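The values are calculated or read from the model by the stated rules, or taken from the named source; none is laboratory data. Just so we're clear, the structure is a prediction, and the values are computed from it rather than from any experiment. All Cβ positions, even for glycine, are placed from backbone atoms using ideal geometry, and neighbour counts span all protein chains on display.
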Amino acid sequence: MEHRADQHQGLKVTGVDPDGIAAGFDLPEGSRLVMVNGKAMPDLFTFRMCEGAADLTLLFWHETEGLFEIDVEKDEDEPLGLDLEIVPGECFTHCHNRCVFCFIDQLPSGMRESLYFKDDDMRLSFLHGNYITMTNLSDAELDRLIELRFSPVNVSVHATEPALRRKMMRNRAAGDIMPSLRRLTEAGIDVNVQIVLCPGLNDGAHLERTFDDLAGLNEFVRSIACVPVGLTRYRDENRLFALRSHTPDECRTLIDSVHRRQAAMLAARGERLFYLADEFYLKGNVSLPPAEAYESMSQLENGVGMAALFRDEFETDFPKAMPAANPFDDTVLVTGTLAGPVLKAYETRLSRRFNTRVTVAAIENHFFGETITVAGLLTGQDISDQLAALFAAWKTAGQKHILIPDNMLKRGTELFLDDLTVTDLRRALSAEVTVVSETASGLFEGLSKSKVMI
């Protein structure tokens, strides 16, 4: 087969799952995937649509190796374990809503350009679990979504009352979401629903209406989760709609209401259907449900069930965690103020098992404001400044090890939100820094190692 030179653009291979099929390809660094079964690969979406076939012929290109083919026989829908480049701003649909709670509108100026891109693309929902509003989706695109059997589709609903949804999303086309949801579910497409809950706006009776409408759809609505609105200190400066956070009492009232609905759904349908983000429990000082109460964990990336899953994994894996001859006098676990109390409960047990004094550093978010409490929105500068103050207060000269969860960094890089790097942090604090996954097993692995993982 002959291939034109302009086909050699393809998609750059950015990573390979060590346990996946592609681990056996032995691809040279810098390889690009050009074609799959004779079809050009202009974007990641096209690759994912082709990847599920049982028999694949993959055409790669490398600047020194040239073009080369790899034939694969596998189970249908089995992933290859290839990570390929993606540039969202170049090929994905930009969101045309102006939601009153939009986090991107609350960013200060001067951050890296990609952080200001608002996507609302069905392909990113399918590929990465992003949530779409469906207001930017034409009837033809909805038909295509159904025809291609995209499932699950993650949808940002927020409210089912048309006037309220238009008000919240500031888009005249955003009104009645229910017909589109009916089309999806009646076609057998799984749907996960997100509701960004804004006190005094879409809560109370409005939320009950939304819950009732969504529960009235068929069993292909797999989960309905409320997440709290995130508010930065730049809202006033950016002249945005006035919003506030939930009070602890409001969190407890919401929890009681959702738990009643869960009990009713469990009796009627055998699953809870309704879920709440961990933040509501932690802020309301209410014990987290067990991990099994989140069932399929379908909204884990939304902060729904993450703390319960960590707790269960910790208790299961801790007895099997291997202690090591630790070269560090102190190990610091960096997190946000929301998860700080959760992790702090394990300090003593971790210190004894891993032969190092473990300290949880719950970093306050000075960059975005102290109402932003999650670890994934911390900046490198806030971490650096507050750890420097902590180390100065210790007045000890021992070797220090800092563990950073990978959700603080831009995927596949060592960049924090403010473009400081892990290397910058290491140099500023004269300490070893290890990037770990945000799971209990990732924590144990980081505590067992003495080398940099990024």
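Points to keep in mind about this one:
- The set of residues from segment 268-282 being within 18 Å of Asp203 (Cβ to Cβ), outside any helix (DSSP H, G or I) and either charged (D, E, K, R) or under 16 Å from the mean Cα position of the chain (by Cα) (or both) comprises Leu276, Ala277.
- Number of the condition not met by Asn285 [criteria: (1) assigned to a helix (DSSP H, G or I); (2) surrounded by fewer than 17 Cβ atoms within 10 Å (Cβ to Cβ); (3) over 18 Å from the mean Cα position of the chain (by Cα)]: (1)
One line per residue, one yes/no per condition, for (1) surrounded by fewer than 17 Cβ atoms within 10 Å (Cβ to Cβ); (2) in contact (Cβ under 8 Å) with a residue 40 or more places away in the chain; (3) touching a Gly at 6+ places or on another chain (Cβ under 9 Å):
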site	(1), (2), (3)
Glu347	yes, no, no
Arg357	no, no, yes
Thr371	yes, yes, yes
Lys395	yes, no, no
Arg427	yes, no, no
Ser430	yes, no, no
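- Residue match in segment 201-213 (condition: part of a loop (DSSP other than H, G, I, E, B), modelled with pLDDT of 95 or more, hydrophobic (A, V, I, L, M, F, W, C) and under 28 Å from Phe367 (Cβ atoms)): yes
- Looking only at segment 53-71, and only at residues there that are of a type in the set (A, V, I, L, M) and surrounded by 14 or more Cβ atoms within 10 Å (Cβ to Cβ), the one that is nearest to Leu148 (Cα to Cα): Ala53
- Residues of segment 41-52 classified as crowded, with 18+ Cβ neighbours inside 10 Å and either outside the structural domain of Val72 (by TED's automatic domain parsing) or more than 24 Å from the chain's Cα centre (by Cα) (or both), total: 1
- Residue match in segment 92-99 (condition: assigned by TED's automatic domain parsing to the domain that holds Asn238, modelled with pLDDT of 80 or more and buried (at least 17 other Cβ atoms within 10 Å of the Cβ)): yes
- Residues in segment 398-454 that are over 25 Å from Leu350 (Cβ atoms) and in a strand (DSSP E or B): Leu415, Thr421.
- Per-region count, segment 214-251, residues hydrophobic (A, V, I, L, M, F, W, C) and assigned to a helix (DSSP H, G or I): 3
- Candidates Leu124, Leu115 - the one that is assigned to a helix (DSSP H, G or I), in the same structural domain as Gln194 (by TED's automatic domain parsing) and at pLDDT below 80: Leu124
Residue-by-condition table, conditions (1) assigned to a helix (DSSP H, G or I); (2) touching a Cys at 6+ places or on another chain (Cβ under 6 Å); (3) of a type in the set (A, V, I, L, M); (4) within 16 Å of Val227 (Cβ to Cβ):
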position	(1), (2), (3), (4)
Glu292	yes, no, no, no
Ser298	no, no, no, yes
Pro319	yes, no, no, no
Ala324	no, no, yes, no
Leu343	yes, no, yes, no
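- Selection status of Ala225, more than 25 Å from the chain's Cα centre (by Cα) and aliphatic (A, V, I, L, M): no
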